[in-house]
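The values are calculated or read from the model by the stated rules, or taken from the named source; none is laboratory data. All values derive from a computational prediction rather than experimental measurement. Glycine also receives a Cβ, built like all others from the backbone with ideal geometry; neighbour counts cover every protein chain displayed. Side chains are part of the model used for accessible areas, which takes the heavy atoms of the whole protein and leaves out ligands, DNA and RNA. Shrake-Rupley method; radii C 1.70, N 1.55, O 1.52, S 1.80 Å.
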Amino acid sequence: MKWNDLDIPWQVCFDLEWESFKKGSVPIGAVITDERGYIISKGRNMIFEDGGSPGDVARHKIAHAELNAIMRVSEFDYPDIRKFTIYSTFEPCPMCFGAIVMANIRNIRFAARDRLAGGTILNGATDYIRSKNISITGPFEKMEEVQIALHTAFEVMRNPNYERLLNAWKLDCPAGVETGMRLAQDGVIKDMIDGDKTASDVFDLVSDYLGG
């Protein structure tokens, strides 16, 4: 899979992810589309950043991509929100899944699953959540491999205690983890950052490494 094979919402998600990566935050991006498929909100992970745009949650452990996208979309302004879809490059965590439930967004699409911290397992956990009839689609194999590769590279470059994460992700996406470790250890991702490469350049390069 290459960049031009991605639908626009996914392209924007990965573009936001790469922006977070370059700025030192966890590489996850999210968008919300309306019932016509138009993007009406964007968010990215900003855990390790100061500032941001008005309305962004930043420099906080809850500064997740999905939450930052949701903060810009309210049922009071968008009465058709139940027809909206949230896209994310990574499976929403329990906090973000809860925010999606409470915001009345009824469709979730995620590129890569997160065996360690993913929260979609909560769908149907209570009568209240079941009453929402939330539709969840994901993972998507080729996008998952790229996401896991990039996320692995980020953790290897930033976090000396990355084994727990990688061991969990490897159970579902060994090719992504192995590729991400190569990209980090060989300095490929750092060169992409230093060379100010675009998200499309990075996506296609990682896909090539994966044999896709």
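Numerical summary
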read-out: Candidates 37, 55, 43, 51 - the one that is within 28 Å of residue 158 (Cα to Cα) and at pLDDT 95 or above; value: 43
read-out: Residue pairs meeting the criteria (Cβ under 7 Å; at least 6 apart or on separate chains; first within 19 Å of residue 141 (Cβ to Cβ), in segment 175-203; second open to solvent by less than 50 Å² (accessible area, probe 1.4 Å) and outside any helix (DSSP H, G or I)); value: 175/210; 179/210
read-out: Residue count, segment 1-44 (criterion: surrounded by fewer than 17 Cβ atoms within 10 Å (Cβ to Cβ) and within 11 Å of the chain's Cα centre (by Cα)); value: 0
read-out: Within segment 190-212, tally of residues that are more than 18 Å from residue 174 (Cα to Cα) and either assigned to a loop (DSSP other than H, G, I, E, B) or among the hydroxyl-bearing types (Ser, Thr, Tyr) (or both); value: 5
read-out: Subset of segment 107-135 [open to solvent by less than 50 Å² (accessible area, probe 1.4 Å), in contact with a Ser or Thr (Cβ under 8 Å, 6 or more places away or on another chain) and either among the acidic types (Asp, Glu) or within 23 Å of residue 173 (Cα to Cα) (or both)]; value: 108, 110, 111, 112
